[in-house]
Amino acid sequence: MALAFLDRDRSIAPAGYSRWLVPPAALAIHLSIGQVYSFSVFKNPLLALHAADGSSWNLKEVGYIFSIAIAFLGISAALFGAWLEKAGPRRAMFYAAICFGAGFIIASFGASTHQLALIYLGYGVIGGIGLGLGYISPVSTLIKWFPDRPGLATGLAIMGFGGGAMIGGPLASNLMAHFKAAGQPSIPYTMITMGILYFIFMMFGVFTIRVPPTGWKPEGWVPSVKHSALISSHNVAVTEAWKTPQFWLLWVMLFVNVTAGIGILEQAAPMIQDLFKGQISPAAAVGFVGILSIFNMAGRFLWASFSDFIGRKGTYFTFFVLGAVLYFFLPFSRQDKINSIPLFVAIAALVISMYGGGFATIPAYLKDLFGGFNVSAIHGRLLTAWSAAGIIGPLIVNGILDHYVENHMNKEDAYPLILHIMSCLLVIGFLADLMVRPVAEKYWLKDKNLVYADGPAH
């Protein structure tokens, strides 16, 4: 009976409810699960942990933890997207909090017993399912609360995910230092503590989320009769959307944008220390991760809001053109070239803002092309591109780095190759964006009486 509180009917907003009370619930979830972006803070401690046994894990093996988590984010989002439309965001958020918190605790046992497979299961599989459920749960709800500004809505829903590392990085670093100073197992105790704290914080979102009542719209808002050719007045069901070329073009665009961003994020702390040896302390590297987190978060809100004015296609055009140029020039700022830490940080921050902006803009792009009928379910399936990028990106980064280390080459010389590969991927994304056209009429829903999870289709 207690779980009846999670039912969609129990979360319908009363008359006069302010839609601006909904974004904090989304932020509570996304700021928590966004911790995954600060996983690089754990990489060196995990490598050192197992090295104490006289053996070692390599970068690729430890990098798989992040990859598995992102893979299961996309898989769970794709599998449970349609269920979410019926069950409602509150139930999805509750299950996300359980999985994400439990994932940390299971991973802590893997760290304490030096079993990498148990960390894969906890942080990767179970925590990754929590990531997927938590990621998509507020998106369609906020789009329905903000039909007048869908870009702003998706920016509000997703910006917290980009800012999660701003909290998670320093939190993990300080907890590990605290437990180490106390003579206790630093990584296991840190993971247990973070699992409990994040579960409690995510429950705030569970208790405060609300969905709009049937037929609700902002006071005084009248849908515009003038539309861009890419903004459809029709709806497409999730079962048809994935058959369209538009879906797969957006899939490619998200895939290359995420793969390129992971080229920096997944290796952020070690990268800046490698490129500026002796100039960047571990604490400063954590600060760099925090800066990237701020721009990741801000980019999600600012770029998605900006897309309401210049369109989603124009926004992605900016990401791919400017991003390709910046990724190409980023390695030239390193110690033996220009030797400018501020330039390196500035370029990295800007490209990460566009990486985050890509995530926040894509749900509004989907709504433009396919309508709002099944936007959460379609978004969930599209996030399989994130899963693929979460595997391919770290494989490229860690595979090249391991190759340089194993062949006794300078590790810092690997980064230009990595970043130039990412630049080329963004060119592919640019070509895909150019090919996006309105969805053909044969895919449109013909039955006007079909029902949303929270109201009639329109």
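The values are calculated or read from the model by the stated rules, or taken from the named source; none is laboratory data. Keep in mind the model is a prediction, meaning the values are calculated, not measured. With ideal geometry, Cβ positions are generated from the backbone for all residues, glycine too; neighbour counts draw on all protein chains shown. The area values use the complete protein model at the heavy-atom level, side chains included, leaving out ligands, DNA and RNA. Shrake-Rupley method; radii C 1.70, N 1.55, O 1.52, S 1.80 Å.
Summary table
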item: First in segment 80-97 and without any contact (Cβ under 8 Å) to a residue 60 or more places away in the chain, second anywhere and of a type in the set (Val, Ile, Thr) and in a helix (DSSP H, G or I), Cβ under 9 Å, 6 or more apart; result: 92/136; 95/129
item: Boolean, residue 41 is among the β-branched types (Val, Ile, Thr), within 18 Å of residue 110 (Cα to Cα) and open to solvent by less than 10 Å² (accessible area, probe 1.4 Å); result: no
item: Residue in segment 110-120 that is among the small types (Gly, Ala, Ser) and open to solvent by 10 Å² or more (accessible area, probe 1.4 Å) present; result: yes
item: Matching option when the condition is free of Cβ contacts under 8 Å to residues at least 12 places away in the same chain, under 28 Å from residue 383 (Cα atoms) and open to solvent by 10 Å² or more (accessible area, probe 1.4 Å), among 248, 242; result: 248
item: Single condition residue 17 does not satisfy, out of (1) more than 30 Å from residue 298 (Cβ to Cβ); (2) hydroxyl-bearing (Ser, Thr, Tyr); (3) open to solvent by 20 Å² or more (accessible area, probe 1.4 Å); result: (1)
item: Within segment 243-271, tally of residues that are within 21 Å of the chain's Cα centre (by Cα) and assigned to a loop (DSSP other than H, G, I, E, B); result: 2
item: Any hit, segment 251-272, residues being open to solvent by 10 Å² or more (accessible area, probe 1.4 Å), aromatic (Phe, Trp, Tyr), under 30 Å from residue 415 (Cα atoms) and at pLDDT 90 or above; result: yes
item: Qualifying positions in segment 400-409 - assigned to a helix (DSSP H, G or I), surrounded by fewer than 16 Cβ atoms within 10 Å (Cβ to Cβ) and not aliphatic (A, V, I, L, M); result: 403, 406
item: Selected residue (criterion: nearest to the chain's Cα centre (by Cα)) from residues of segment 4-21 that are of a type in the set (A, V, I, L, M) and modelled with pLDDT under 90; result: 4
item: Scope segment 322-353; condition buried (at least 16 other Cβ atoms within 10 Å of the Cβ) and hydroxyl-bearing (Ser, Thr, Tyr); matching residues; result: 327, 333, 353
item: Enumerated helices (runs of 4 or more DSSP H) restricted to segment 133-209, each holding at least 1 residues that are of a type in the set (Lys, Arg), touching a Pro at 6+ places or on another chain (Cβ under 6 Å) and open to solvent by less than 10 Å² (accessible area, probe 1.4 Å); result: none
item: Where a residue in segment 292-304 is under 16 Å from residue 363 (Cβ atoms) and modelled with pLDDT of 90 or more and its partner, wherever it lies, is assigned to a helix (DSSP H, G or I) and open to solvent by 60 Å² or more (accessible area, probe 1.4 Å), with Cβ under 6 Å and at least six apart; result: none
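Matching residues to (1) in contact with a strand residue (DSSP E or B) (Cβ under 7 Å, 6 or more places away or on another chain); (2) farther than 21 Å from residue 195 by Cβ; (3) buried (at least 20 other Cβ atoms within 10 Å of the Cβ); (4) modelled with pLDDT under 85:
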{"residue": "23", "(1), (2), (3), (4)": "no, yes, yes, no"}
{"residue": "37", "(1), (2), (3), (4)": "no, no, yes, yes"}
{"residue": "51", "(1), (2), (3), (4)": "no, yes, no, yes"}
{"residue": "61", "(1), (2), (3), (4)": "no, yes, no, no"}
{"residue": "69", "(1), (2), (3), (4)": "no, no, yes, no"}
{"residue": "73", "(1), (2), (3), (4)": "no, no, yes, no"}
